[in-house]
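The values are calculated or read from the model by the stated rules, or taken from the named source; none is laboratory data. What you are looking at is a predicted structure, and each value in this text was computed from that prediction instead of being measured. Cβ coordinates were reconstructed from backbone atoms using ideal geometry, including for glycine residues, and neighbour counts include every protein chain displayed.
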Amino acid sequence: MPIFINILLFLFGITVLYYGAEYLVRGGANLARIFGIQPIVIGLTVVAFGTSMPEFLVGLQAALKNQHAITIGNVVGSNIANIGLILGLSAVVSPIIISFRQLRGELFFLTIASLFFVTLISGHIQRWEGLIFLGILFGYTYYLIKHPSEHPVSQELPAKESSIWKNVSYLLFGFVGLNFGSDWLVDSAVFFARLLNISEIIIGMTIVAIGTSLPELAASVVAAARKESDISIGNIIGSNIFNMFFVIGGTSLIRPIPVDRQIYHLELPVMLAFTIILIPIIYFNKGISRRWGGILLLGYLLFNFFLIGFRQI
């Protein structure tokens, strides 16, 4: 009976997380429109924060319950899944065509930010490090808002809805859904980790990471199918930056996060490898072809296979 209940909790948690993020973005974006905020600003703030809220609240719930491996595993695993699984799958659905010049700044910033993140989280993430992470994120977002013409990568906005009360209801539903969904997801993930006698880091890196990446997966695959390459790849770059600096930065402000140094042997190097390889792929192919999408997808599957073997499950 507990197994069945936790399966339901896990499925409900993922579903409620997905729709919670969807309604949070819809309400927030429409309220911003009503008050006359520019679409580029909405995309870089409301939409970006909204799609990262599942990772943030799952990480926070896990940290508050002293399941720190899930907090770190969720972020690192989500970043790997965003590139290997989501970008790979999106390119297989429809080749992503975009010039390297359009993404040069974002790709280099993501690479440098990832190297900085890996260097700084060694051992323990303290509150002052969380402040640095949030400062970097807000500084970068402010720069993008002030220089929108230099950064054509955009976020797709939800359909317009002019009713203030309806959009406030969307916001409230989104926040409540994200709170309950993250709680259920973490509890069920810990249950299965203990039941199967596997480490929480693996649960965080795989099942939880994919579950919290559902908004990005849906947005990117749909954008790729519509041939909107800038949205598809821009969504992933923005999400990975927000995962590192918003999720970990915000969580560590509330509760410092210990980091298992074992993740420096496999998980973090793989995250860096997936991040760095995007530069030559996009530079030489003017985007991501189906072949390279398949290679990224295969790389993601191999990572999960070696993760289980590496952790001696």
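When the test is whether a residue is assigned to a helix (DSSP H, G or I), within 12 Å of the chain's Cα centre (by Cα) and at negative phi, residue 75 passes it. Within the range 289-306, residues that are over 19 Å from residue 268 (Cα atoms) reach partners that are not in a helix (DSSP H, G or I) with beta carbons closer than 7 Å, at six or more positions or on different chains, in the pairs 289/95; 290/95. Can you tell me which condition residue 222 does not meet? The list is (1) in a helix (DSSP H, G or I); (2) surrounded by 16 or more Cβ atoms within 10 Å (Cβ to Cβ); (3) modelled with pLDDT under 90, and all the others hold. In the conditions (1) in a helix (DSSP H, G or I); (2) surrounded by 16 or more Cβ atoms within 10 Å (Cβ to Cβ); (3) modelled with pLDDT under 90, residue 222 misses (2) alone.
Yes or no, residue by residue, for (1) part of a helix (DSSP H, G or I); (2) modelled with pLDDT of 95 or more:
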site	(1), (2)
272	yes, yes
275	yes, yes
279	yes, no
283	yes, no
296	yes, yes
299	yes, yes
306	yes, no
309	yes, no
312	no, no
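On inspection, residue 108 passes the criterion of being in contact with a helix residue (DSSP H, G or I) (Cβ under 8 Å, 6 or more places away or on another chain) and either aromatic (Phe, Trp, Tyr) or modelled with pLDDT of 90 or more (or both). Do we find a residue being assigned to a helix (DSSP H, G or I), modelled with pLDDT of 80 or more, closer than 22 Å to residue 279 by Cβ and of a type in the set (S, T, N, Q) anywhere in the range 160-171? Scanning the range 160-171, I find no residue that is assigned to a helix (DSSP H, G or I), modelled with pLDDT of 80 or more, closer than 22 Å to residue 279 by Cβ and of a type in the set (S, T, N, Q), so the answer is no.
If the condition is being aliphatic (A, V, I, L, M) and modelled with pLDDT of 75 or more, then the range 197-216 contributes 198, 201, 202, 203, 205, 207, 208, 209, 210. Is it the case that some residue within the range 232-250 is modelled with pLDDT under 75, surrounded by fewer than 23 Cβ atoms within 10 Å (Cβ to Cβ) and farther than 13 Å from residue 59 by Cβ? Among the residues of the range 232-250, not one is modelled with pLDDT under 75, surrounded by fewer than 23 Cβ atoms within 10 Å (Cβ to Cβ) and farther than 13 Å from residue 59 by Cβ, which makes the answer no.
The residue that is farthest from residue 51 (Cα to Cα), counting only those in the range 175-186 that are surrounded by fewer than 24 Cβ atoms within 10 Å (Cβ to Cβ) and modelled with pLDDT under 80, is 183.
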